[in-house]
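The values are calculated or read from the model by the stated rules, or taken from the named source; none is laboratory data. For clarity, every value in this text was computed on a predicted model and none was experimentally measured. FYI the Cβ positions are ideal-geometry reconstructions off the backbone, even for glycines, and counts take in every protein chain you see.
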């Protein structure tokens, strides 16, 4: 995903009230930007560290700036805009950079499905292939060097999505949980059992039932964010 104009650099001061962040510009001015992330953003926020933000030209927006990338305590870059992963995964699919999901010609987004009134992030279809339901998650919580966990906060919505994916498997479809890892230091992904035990129990049930897990790390730069490389999912 090319970003034009490129993201602007600033210094992070703080994130607060969930959707707000104060940043210091190179000029010394302090502005408030939108923080598009409903999670805890644990281990993604270091006051005084470099961050990057985009600017919208939409005159209706109260806050034109959006926080996009932060610096983790490890010094790695973290993509915190949870609105980007679906687009990143779709772009990777259209460019045949996810071999596990090759052969699908059509990609639909935000399609209603399941028994709990959910929307699937991506619904893939292709000739002589079962429909493939893909749920995309942004993964950023670094627990130890290289090990990135999901979720970073309790997610009843995420647990519901796992239940829906399991139902799709029973109906003869493919169901994929796609961990889009916007963390440049990632080497593997695992479950954050201490943060949300119920989600992790349901995740284990989903794997046993036939739901697939894919984990891909992203490259992050001010002018480009792109899905880069497959990394393993490891329970421990």
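A few comments on the model shown:
- Counting only strands (runs of 3 or more DSSP E) that sit completely within region 131-236, those holding 3 or more residues that are within 18 Å of residue 39 (Cβ to Cβ) and either within 17 Å of the chain's Cα centre (by Cα) or outside the structural domain of residue 53 (by TED's automatic domain parsing) (or both) correspond to 132-139, 141-144, 147-150, 174-181, 188-191, 212-221.
- Residue selected from region 194-220 under the condition touching a strand residue (DSSP E or B) at 6+ places or on another chain (Cβ under 8 Å), over 20 Å from residue 133 (Cα atoms) and in contact (Cβ under 8 Å) with a residue 40 or more places away in the chain, by the criterion surrounded by the most Cβ atoms within 10 Å (Cβ to Cβ): 218
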